[in-house]
Every structure is written in structure tokens, then in C-alpha cells.
1. Rounded to the nearest 10 degrees, what's the angle between the helix 184-202 long axis and the longest principal axis of the chain, both from Cα atoms, 0 to 90?
2. Can you classify segment 185-296 as rounded, prolate or oblate using the Cα gyration tensor, where a ≥ b ≥ c are the square roots of its eigenvalues, rounded means a/c under 1.5, and otherwise it's prolate if a/b beats b/c and oblate if not?
3. Could you tell me which of rounded, prolate or oblate describes the chain, using a ≥ b ≥ c as the square roots of the eigenvalues of the alpha-carbon gyration tensor, with rounded for a/c under 1.5 and, failing that, prolate when a/b is larger than b/c and oblate otherwise?
4. In a Gaussian network model over the chain where Cα atoms closer than 10 Å are linked, find which of 22, 51, 160 has the largest mean-square fluctuation.
5. With the crude spin-label approximation of a point 7 Å out along Cα→Cβ, what separation in nm comes out for residue 287 versus residue 43?
6. Among 144, 112, 35, determine the one that fluctuates most according to a GNM of the chain built with springs between C-alpha atoms less than 10 Å apart.
7. Among rounded, prolate and oblate, which fits segment 10-51 when a ≥ b ≥ c are the square roots of the eigenvalues of its C-alpha gyration tensor, a/c under 1.5 means rounded, and a/b larger than b/c means prolate?
8. What is the helix-to-structure angle for 241-257, meaning the angle in degrees between its Cα long axis and the longest Cα principal axis of the chain, kept from 0 to 90 and rounded to the nearest 10?
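Throughout, read-outs are computed from the coordinates displayed, never taken from laboratory work. Being a predicted model, the structure only gives us computed values, none of them experimental. In this analysis, Cβ positions are derived from the backbone assuming ideal geometry, glycine residues included, and neighbour counts consider all displayed protein chains.
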């Protein structure tokens, strides 16, 4: 396993690449001007977005790897470990990079809803693939931020820099929506497999051993991150992945309650609930009836 190199500040990020630090909390780098960087795994204390413009080998992110394509955006959030293959000694970066410290956006509108940009929690194999026009918009966003960094810092600098980062991220939301649409056939297959995973879950003893099925469990079975699966299902169906799990749970619960040989408590345990009371509350919230009321009218 490669040594893990910490990159907890913008200056550390820039120094490794031999580039000047223009602002202590944010940087935009033309990677063609960077010096070669060592093959290693990195711990990030920053938000980092890479625009990769050439194929430069495999990169790992968490437990997954991703083979870069031209015009690909990869998002890394604070606390993530990422890196390149051990076999590569030194790598000449290409493309562009935007890195900013969480302190830059603390107390701002962006800081309050940065977690809404779920793609920072996507796995690297769920990266954003750009069209040429989209790539140009991304480069325009980077150049606007770079202009502010090269301008003398004044009272407007932070507002303009953060606003441009937020605009850039909002474009990425749009581009991801487009990517979900253009991969519609692939995603419909994932929905079918998602349903099959839930069916299989309740046909085994998993509710007894693992409890209620989670979005994370289903995502791992589909080799996706939980956030990516959640966003995919939301865009395809208008309902969240958790909503789908609860609907499946209620359908199975209704079937089981037709068997009057089992108590409500036994059914709750069969479904994976630790406490029958939790099942009863959820059932009433979803159906408008308590389990006992449902039995009496069916």
C-alpha cells in the first residue's frame, strides 16, 4: 500500500505541484504548469475537483478505481482518501484543478448547503463526463475564479470567489441531470435490479440477521455509492430510494398480515424491526391505519 500523503491546506496542494499560492483558502491550477507528482495515496482536507482532459491511468477513490476519459470531472471531499496506482512512479498532471478549504465557505450560503451537492459523495466510477460545450462552461467558471485570485484581494474577493464556485457547482448539478438522462437505459436496468435485491432480501433470513434493508446495502450490491443510487432513483421515479424501500416493506407487510396465525409483533420481527411499536407507527404513517385496523377491514 502506498504511503498516504496529507493535503490539508491549499498551500500543501500547490507546493506538491510546484505552483504559487495566490490565496490561502482556494486555488485554481492549470495542471500543464504543474511539476510531476509522486504516485501515492492522499488524504484530502479540501474540496478538490479535477477536470481531466487526457487518459492518465487508473485512479482509486475509496475501494474503487476509475479509468479516466477525456473531459471528466472527479469530485473529492474533505476526509476522503484517494490516489493512483502503485506501479506509476511520477505522474505529469494535465487538465485543471479547483481546490478550496472548508473555511472558505464557512458561514456563507454555499457553506450551509454544500452537502446538497451529492456528487462529492459519489464514488469515482460515478464521475461526470462532459460534452465539449459543457467542458467550455467549466473552463469559463475556473477562469473567473482564477481572475479573482490574480486580482488584488479586497472586500469583494471572497463573495465573488464563493459565488463563482457555487455557480460552477450548480452547472455540475445540471450536467449530472443530463448524464442521468443520457444513460436512461442503464439506469432502468439498475431500477429492475434494485427491486430484485429487495425481493431477495425479504425472501431470506436477512431481516432477522441484518434488520431492515438500507439504501447503503442495496447500493453496495449494485456497486454504486448510496448517494448516487438515491439521486438516480429520485430522477427516474420522483421518489427517494428510502421511499421505495418503505413501499416494498408495506406491500410485504400487508401480505403477511393476511396470515392471521402470526401476531403483529411476529410480523414486525419477520420484517426486520427490532421493536413492534416502530413497525406499527410506520405502518400507520404509510397507510393511514394501524396494523390491527388493517386486519379488521381485510
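1. Between helix and principal axis, roughly 40 degrees.
2. prolate
3. Numbers: a/c = 2.61, a/b = 2.22, b/c = 1.18.
Taking the square roots of the gyration eigenvalues as a ≥ b ≥ c, the chain is prolate.
4. Among 22, 51, 160, the largest GNM mean-square fluctuation belongs to 160.
5. Reported label-point gap for residue 287 and residue 43 is 5.0 nm.
6. 112
7. Verdict is rounded for segment 10-51.
8. 10
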